[in-house]
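Only one structure is covered here, and it is reproduced in the block below.
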Amino acid sequence: MASLSSFLLLLILLFAITLASSAASVKSYFPGIFQSSLKKNGKNLKPKIPYEAHYFPQNLDHFTFQPKSYKIFYQKYLLNSQYWHKGAPIFVYTGNEGDIDWFAANTGFLLDIAPKFHALLVFIEVSQILALKPLSIAWSYWFYGESKPFGKNSYKSAKTLGYLNSQQALADFAVLIRSLKQNLSSETSPVVVFGGSYGGMLAAWFRLKYPHTAIGALASSAPILQFDGITPWSSFYDAVSQDFKDASLNCYEVIKSSWTELESISKEGLAELSRDFRACKKVSSIYSARDWLWEAFVYTAMMNYPTESNFMKPLPAYPVKEMCKIIDESSPGASKLSRVFEAASLYYNYSQAEKCFELEDETDDHGLSGWNWQACTEMVMPMTVSNKSMFPPSSFSYKEFADDCMKNYGVRPRQHWITTEFGGKNIEQVLKRFGSNIIFSSGLQDPWSRGR
């Protein structure tokens with residue numbers, strides 16, 4: 001077998017070639033999923049994937065030696081050994097914000113390259129998720145999928161949630177990988193970690209924290225600079241808005257001015273709004289419609305691939321352009337609100353399977369459970385909406401946010417912890433000193449590209 005350095009060089013070259021030629025296979029996952037995006041016709045169907053599920057006994061807490069730290073929970077992971085030769089590399093996908101089966105079903109890149117390296121593929125489900133709640137500008141972790149240390153009580157209180165943090169997640173990966181290599185009698189196999197969005201953040205951080213375990217990382221759409229004021233707070237929504245403006249200035253302006261039209265609707269007008277939005281039941285607030293529209297535009301920008309896709313929802317190629325075409329080609333007499341509704345419907349109903357839309361009471365079919373815990377501890381990623389955005393302007397008050405965390409959980413955020421633990425400021429110098437072999441990839445239209 002070639003030397004480790006030769007292998008890594010070959011791997012990096014292959015990454016560059018594959019990323020350039022297989023855009024449809026490489027997905028950029030949003031660190032946080034709005035629950036309504038996860039409904040699939042009201043059915044919770046597991047995708048068919050070429051992986052075998054396994055469960056690894058993990059200690060609850062890797063960083064203390066109190067008796068309760070040794071509580072065991074079973075962490076789910078997936079294996080594909082179809083192409084693997086003993087001693088060949090192990091490619092590990094660092095999980096995201098939902099059921100690991102869902103991400104394995106939508107990540108073709110590893111299956112594409114596994115035969116060339118005779119690689120073992122491993123997808124590890126993390127015991128937390130990261131999620132963005134629209135308009136409240138908050139981030140959070142929660143247990144999800146099947147990896148719940150406290151079962152149904154995993155997100156009951158701060159006493160159980162207190163174990164949920166990125167350092168525990170990374171340690172989970174390290175312990176599982178070490179044990180797996182030992183059990184396979186393949187301890188010399190080099191490990192490369194892969195991830196997108198939140199999983200990409202974990203992949204990059206894993207390479208920094210466990211360089212003796214992973215020789216490299218591919219972090220796609222990983223906003224590791226979205227902390228501590230490194231990236232402007234308005235960057236995400238500015239980027240989403242720029243995507244629509246690039247597609248059509250008229251489209252951008254119609255969306256930008258439609259919020260005022262929506263906010264002018266009185267309580268008496270909710271029944272008509274519900275009919276106009278084809279809601280399955282009458283909405284209780286205009287903000288339900290606002291969030292529904294908001295979600296459609298944000299996720300369409302993030303899923304703006306050059307080919308048809310079926311990750312969040314079935315979508316056409318270049319869906320932002322298709323949305324704007326709907327707005328631009330609407331009847332001249334149509335209201336702005338009706339235009340943006342028709343455009344948003346592309347996201348929710350491109351398959352033409354929905355007879356009505358659930359604007360409220362969304363279900364969680366992919367193992368997500370909540371919003372704000374992790375934001376109230378370490379993952380403090382403030383977001384604002386500037387005047388140049390197509391969304392309604394929004395500010396961020398750390399004091400109000402921290403007070404809300406104290407009210408809900410009895411904790412206050414450690415707003416500088418992520419940059420203290422993983423770095424972020426002057427990142428280029430830091431990576432040159434000790435963070436080699438990390439590939440950060442994302443397209444410029446990716447709304448998270450400004451945070452990495």
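So the values come out like this:
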quantity: Note, ³J(HN,Hα) from phi for region 316-329, Karplus 6.51, -1.76, 1.60, rounded to Hz, x at Gly and Pro; calculated: x, 5, 6, x, 4, 4, 5, 4, 5, 4, 4, 5, 5, 9
quantity: Accessible area of region 162-243 belonging to carbon and sulfur atoms, whole % at 1.4 Å probe; calculated: 49
quantity: Positive-pole candidate from Ser309, Ile326, Ser248, dipole of region 245-348, charges at beta carbon; calculated: Ser309
quantity: Other-chain or far-sequence residues with amide H under 5 Å of Val191's (modelled H); calculated: Ile90, Ile215
quantity: Centroid-to-centroid separation of region 72-98 and region 163-240 [C-alpha atoms, Å]; calculated: 14
quantity: Whole-Hz couplings from phi, Karplus 6.51/-1.76/1.60, listed for region 66-77; x for Gly and Pro; calculated: 6, x, 5, 5, 8, 4, 9, 10, 9, 8, 7, 8
quantity: Three-way shape call for region 225-354 based on the alpha-carbon gyration tensor, with the a/c threshold at 1.5; calculated: prolate
quantity: Interchain or long-range residues, amide H under 5 Å from Phe357's placed H; calculated: Ala279, Cys280
quantity: Under 11 Å, Cβ to Cβ, from Asn349 - net charge with Lys/Arg +1 and Asp/Glu -1; calculated: +1
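The values are calculated or read from the model by the stated rules, or taken from the named source; none is laboratory data. Computed from a predicted structure; not experimentally measured. Here the Cβ is made from the backbone with ideal geometry for all residues, glycine too, and neighbour counts use every protein chain on show. Note: accessible area is taken over every heavy atom of the protein model, side chains too, but ligands, DNA and RNA are not part of it. Shrake-Rupley method; radii C 1.70, N 1.55, O 1.52, S 1.80 Å.
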